[in-house]
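Q: I have a structure here, written as structure tokens, and I will follow up with some questions on it.
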Amino acid sequence: MSTLTSEAARVRAAAAADGVAAAELVSTYAESEPPSSAHVEALRLAVEVGLLDALVDHAREMALHHAHPWHESGAETADQDPHTQSRFGQAYAVRSAAEALLAEALQALADADPDADRTVALARGYVGRRGGETANDLIGVLGASSASSRYGLDRHWRMLRGFAIEHPPRQIDVAGDIRHDRGKRP
């Protein structure tokens, strides 16, 4: 089994396990010989967006059924706590932005846009940074029990952070140029 095929199978399994609808991207990635770095990055972006989506959904369920409001908020339940509502509003905004950036990146790849590499890299940078911040914010607002394995929210945090560490986005300098792995500039 080639490295390309085994990597595609591994990513397909990870995407399916996390509810990422990336089957079309995986099949495109598996058929391109060799895969472009933009396709690989887009696949990783799709996985990160799926992990973020699962985290926000699971955190919402925890807020509705298990979390307690901050004691001075005056709210009876966590979902009525203004601070919790604010954090979830921010999380929904980050998730919507991540989904829009993924759609834009996939469209750029489909259209063979010459800037597709940059579009994907910028999307990965955003999702990597804001996804991690969102995970930390949601765990923080839901309290210490949300970090426990009892409710399973910690699993999403570990998967999102672990994936970001194992597959960091390509670096982008302040001018927006991508630093290629070979040290060349586009």
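Q: Has segment 148-155 got any residue that is at pLDDT 85 or above and either surrounded by 20 or more Cβ atoms within 10 Å (Cβ to Cβ) or under 18 Å from residue 50 (Cβ atoms) (or both)?
A: Yes, segment 148-155 contains at least one residue that is at pLDDT 85 or above and either surrounded by 20 or more Cβ atoms within 10 Å (Cβ to Cβ) or under 18 Å from residue 50 (Cβ atoms) (or both).
Q: Inspect all residues belonging to segment 52-74 and state whether any of them is over 20 Å from residue 134 (Cβ atoms), of a type in the set (A, V, I, L, M), more than 13 Å from the chain's Cα centre (by Cα) and surrounded by 16 or more Cβ atoms within 10 Å (Cβ to Cβ).
A: No, the conditions are met nowhere in segment 52-74.
Q: While we're on this one: Those residues that are outside any helix (DSSP H, G or I) and within 14 Å of residue 121 (Cβ to Cβ), I need them from segment 35-72; list them, please.
A: 36
Q: In segment 73-125, what residues are part of a loop (DSSP other than H, G, I, E, B) and charged (D, E, K, R)?
A: Result: 76, 81, 111, 113, 115.
Q: Something else: Considering segment 107-152 alone, what residues qualify as being under 15 Å from the mean Cα position of the chain (by Cα) and of a type in the set (A, V, I, L, M)?
A: 120, 121, 122, 123, 127, 135, 138
Q: Among the listed residues 6, 86, identify the single one that is at pLDDT below 55 and of a type in the set (Gly, Ala, Ser).
A: 6
The values are calculated or read from the model by the stated rules, or taken from the named source; none is laboratory data. Not measured: the values here are computed from a predicted model. A quick note on method: Cβ atoms are made from the backbone with ideal geometry, for glycine too, and the neighbour counts reach across all protein chains shown.
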